[in-house]
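Following: one structure in structure tokens, then a few remarks.
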Amino acid sequence: MTPTLHLPTLLSHWEELVRAEPAALAVIDGASGRRWTRAELDAAATAWRQQIPGNSLARRRVLLTEPNGIGWWQAFLGLLRAGAIPAAGDPTEPLATQRTVATAIGAAALGHDGQLELLPDPRPTRSPREACLIKLTSGSTGTPKALVFTHAQMIADGRQVCAAMGITPGDLNLAVIPLGHSYGLGNLVVPLLVQGTPMVCAASPLPSALAEDCARWQPTVFPAVPTLLRALARTELRPGQLDCLRLVISAGAPLTPEIAAAFLARTGRRVHGFYGSSETGGISFDADGEATLTGRSVGRPFPSVRLHFRRGRRFAVSSAAVRGLGRFSPPDYGTLNAHGELVLQGRSGRTVKIGGRRLSLGEVETALLALPGVRAACALPHPSRVDHVAAVVETDLSGAELRAALALRLAGWKIPDRLVAVPQLPLTARGKIDRARAAALAISEQR
């Protein structure tokens with residue numbers, strides 16, 4: 001008889017860490033100030049799991065909508081212990097919306113507000129035995145798409161991230177980004193479960209509160225998004241408040257050199273760009289921060305990641321962390337520069353026809369982001385004129401100034417017919433530009 005092969009899982013790695021050092025720090029709850037050891041967190045997760053009858057949720061999908069904090073961890077580990085497949089949702093959505101999303105992905109239950117709500121669907125989706133968790137991505141339609149990942153893929157992503165960024169068990173992560181998003185899973189969750197890197201769950205995303213958390217808890221690694229970095233760069237800080245941070249990371253949306261430079265001037269800390277996707281996990285990282293500061297690229301591909309370029313500037317990513325068959329093509333155009341770094345050049349599928357010629361909206365956004373004084377940009381089809389383009393730009397410049405600057409970078413037919421300057425672009429809960437709300441801004445008068 002062939003013996004059964006038991007492959008490592010996130011839970012088996014975690015249980016080994018608990019046995020090895022039960023008193024080691026696992027999570028600090030910034031809101032309450034309580035420090036949780038590995039043994040305490042593990043016991044709390046075991047207690048949470050008791051509300052699940054037997055193996056009723058084994059290999060079943062469960063939508064988890066707890067916010068960052070000890071409650072999220074209790075539920076996540078409790079679900080893994082019950083053999084369930086957690087799918088992290090948005091806790092800010094109304095409960096009715098959460099139930100709709102749960103039904104859409106075939107979930108058997110919904111974990112929210114410290115409780116587990118069993119759903120009435122008599123035939124919920126059952127996931128493969130090797131499934132670990134589900135990442136949810138809404139894409140452009142707003143309809144949730146469930147991306148199933150195995151334990152091996154999640155472990156590989158976490159290890160690739162830690163190796164490339166030099167994150168060790170001796171670090172302390174500052175957890176502000178949602179734990180259940182792809183970025184949070186790879187940079188915060190898996191490092192704790194696989195190698196024991198603890199985290200402090202921030203009390204608040206407000207910049208002054210984050211600065212206070214840094215001064216109090218002394219985190220060393222800060223996975224951030226551009227909006228957080230911009231807010232901190234504009235905040236009056238006490239001398240040395242962020243000196244504890246040895247590594248500041250930006251991902252989730254493009255970071256302009258202007259924000260990187262402002263953050264450096266305010267805090268004395270460089271920002272290190274990080275690029276990845278839900279389907280692939282981490283792809284590239286700017287190790288010294290120079291490429292991020294100059295806007296040159298999104299860094300070098302991880303040593304264990306391979307990029308395969310083809311015609312049309314599209315590329316595919318292969319690594320042990322990529323879902324499915326281990327190879328995926330992100331919806332981005334890109335190339336490698338002379339430094340061996342990945343340079344993004346817009347996104348595929350976002351094109352319009354201008355006078356019979358195709359124009360990539362990503363090309364317009366790239367040109368806008370290269371202008372001094374532009375913090376963010378969103379190009380989209382003109383709201384009322386066929387064959388024209390509009391752009392909503394986060395900047396203090398006027399539309400006329402933007403148009404004059406673009407004329408030095410783009411052919412006349414590529415310059416947006418309508419340029420709307422706003423002090424701040426609307427963002428989604430994931431820190432990305434909310435294109436639907438930006439389109440509504442484009443309907444306003446040109447400024």
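Numbers below:
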item: Whole-Hz couplings from phi, Karplus 6.51/-1.76/1.60, listed for the range 175-189; x for Gly and Pro; result: 9, 10, 5, x, 4, x, 6, 3, 4, x, 4, x, 9, 10, 6
item: Ellipsoid semi-axes in whole angstrom, largest first, where each is sqrt(5λ) of the Cα gyration tensor of the range 183-226; result: 20, 12, 8
item: Two-site label geometry, L11 and R216: point separation in nm, points 7 Å out along Cα→Cβ; result: 3.4 nm
item: Among 262-271, 333-342, the order from most to least packed when residues are scored by Cβ within 10 Å on average; result: 262-271, 333-342
item: Computed [θ] at 222 nm, helices only, for the chain once each DSSP H run of length n ≥ 4 contributes -39500 (n - 2.57); result: -8000 deg cm²/dmol
item: Residues whose placed amide H lies under 5 Å from that of S329, excluding near-sequence neighbours; result: V317
item: Alpha-carbon gyration tensor eigenvalues x 5, square-rooted, for the chain, Å; result: 38, 25, 21
item: Kirkwood hydrodynamic radius of the range 297-447, Cα pairs, Å; result: 16.7 Å
item: Average projection area in nm² (convex hull over Cα atoms of the range 109-252, one quarter of hull surface); result: 10.7 nm²
item: Cβ crowding within 10 Å averaged over residues, with 78-86, 183-191, 242-250 ranked highest first; result: 183-191, 78-86, 242-250
item: Sequence-distant aspartates and glutamates (8 or more away, or on other chains) whose Cα lies within less than 16 Å of K135; result: E66, D90, D157, E279
item: Gyration tensor over alpha-carbon atoms, the range 75-193, equivalent ellipsoid semi-axes in Å; result: 26, 16, 14
item: Residues T100 and D288, FRET efficiency given R0 of 45 Å [Cβ-Cβ distance, rounded to 0.05]; result: 0.50
item: The range 219-338 - Kirkwood radius from inverse mean 1/r over Cα pairs (Å); result: 15.3 Å
item: Inter-label distance for R437 and Q345, nm, one decimal - labels placed 7 Å from Cα along Cα-to-Cβ; result: 3.3 nm
item: Cut-off 15 Å (backbone N to label point 7 Å along Cα→Cβ of R385), residues of the range 400-434; result: 400, 403, 412-420
item: The range 239-279: C-alpha gyration tensor shape, a/c 1.5 cut-off, then a/b vs b/c; result: oblate
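Rule-based calculations on the coordinates, nothing more; no lab input. Remember, predicted model here, so these are calculated numbers, not experimental data. A quick note on method: Cβ atoms are made from the backbone with ideal geometry, for glycine too, and the neighbour counts reach across all protein chains shown.
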